[in-house]
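> Take a look at this one; I'll ask things after.
The values are calculated or read from the model by the stated rules, or taken from the named source; none is laboratory data. Just so you know, these numbers come straight off a predicted model, no measurement behind them. Note that we place each Cβ from the backbone using ideal geometry, even for glycine, and neighbour counts take in every protein chain shown. Keep in mind that these areas ignore ligands, DNA and RNA; they rest on the heavy atoms of the full protein, side chains included. Shrake-Rupley method; radii C 1.70, N 1.55, O 1.52, S 1.80 Å.
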Amino acid sequence: MRRPFLTLFLPLAVVSVVTTAAINAPRQGFNLFSINQDIALGAQVARQTDSLYRAKGQLLEKSSNARAYTLLNGVVKRVLDNGNLKYRTQFPWDVQIIKDDQTQNAFATPGGHIYVFTGLIKFLDNENQLAGVLGHEIAHADRRHSTQMLQQQYGISLLAGIVLGNNSNQLVQIAAGLGQLKFSRSYETEADKYSTIYLNGTRYYACDGAAGFFIKAEKQGSGGTPEFLSTHPNPGSRIANIQKSAQQLGCTNRNVSNSNFEELKRLL
């Protein structure tokens, strides 16, 4: 039985902000949703997101794109199995590909449903960069940034209604706008930091993969800046922070074959 939403409102005196002192990560904000409600909201948003892109003929179905999903899932699974996720076994962690070569973006819903646009995959140069971006989005979900930002943007009562099966019109709006959700600087810094930690934990990828994406995006300038940067700004300082974290972890010199990544790009 679903717990009453009011049970989430604990006295502020006993609510503590989680910190990760070992890696000097920023503090998380208050999250008044339970993990089960994160999962329930994420499932509803994912269903609506699938429906939106399927109606536009842009959702690549797994049944007819099995090889592409096998290749992408291989990268996702390596990142997920890094040993540092808090909700690795609780969240469903699935991935969908959206066919849109003009959109260089990726996003994750609450509860770990990941969406990757073909434009992003084709923009990237190698699998390390893909793993780095995926690690960043996985961090947003695992650190529960999405729910915290949605609380601020839409309000607790509206999100509670969606979890309870109400406000279907608002659900459509949230699903349509999730890819444009703008995280705070502290959340972006934390997601960048955890991307390096996740990739280090794979013992496979160079953990500055996300920096490679930002370096390429920054070189493009204003003429063709990826949409990812409209919601993930300030690449300059972030490149330096990612590279510093990777150097501290000692995981910058791993060489990964790009044969699977190149095959994935060809299939899309």
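> Within segment 80-91, can one find any residue that is within 14 Å of the chain's Cα centre (by Cα) and closer than 20 Å to ALA210 by Cα?
The answer is yes; a qualifying residue exists.
> Conditions first: (1) within 16 Å of the chain's Cα centre (by Cα); (2) more than 19 Å from GLU127 (Cα to Cα); (3) among the basic types (Lys, Arg). LYS77 passes all but one, so which condition is the exception?
Evaluating LYS77 over (1) within 16 Å of the chain's Cα centre (by Cα); (2) more than 19 Å from GLU127 (Cα to Cα); (3) among the basic types (Lys, Arg) leaves (2) as the failure.
> Assuming LEU72 fulfils every condition listed in (1) at pLDDT 95 or above; (2) more than 20 Å from ASP94 (Cβ to Cβ); (3) touching a helix residue (DSSP H, G or I) at 6+ places or on another chain (Cβ under 7 Å) apart from one, which condition is it?
(2)
> Oh, and also: Output the residues belonging to segment 118-157 that are of a type in the set (Ser, Thr, Tyr) and more than 19 Å from GLU188 (Cβ to Cβ).
Residues satisfying the conditions are THR118, TYR154, SER157.
> Quick one: which helices (runs of 4 or more DSSP H) lie wholly within segment 58-162 and hold at least 3 residues that are among the polar types (S, T, N, Q) and open to solvent by less than 10 Å² (accessible area, probe 1.4 Å)?
Of the helices (runs of 4 or more DSSP H) lying wholly inside segment 58-162, those with at least 3 residues that are among the polar types (S, T, N, Q) and open to solvent by less than 10 Å² (accessible area, probe 1.4 Å) span 145-154.
> Take the residues in segment 177-212 that are closer than 19 Å to THR103 by Cβ and either of a type in the set (D, E, K, R) or modelled with pLDDT under 90 (or both); name whichever of them is most open to solvent (accessible area, probe 1.4 Å).
So the residue we want is LYS182.
> Here is a further query. Any chance you could count how many residues in segment 226-268 are of a type in the set (Lys, Arg) and either at pLDDT below 90 or surrounded by 20 or more Cβ atoms within 10 Å (Cβ to Cβ) (or both)?
Total meeting the criteria: 1.
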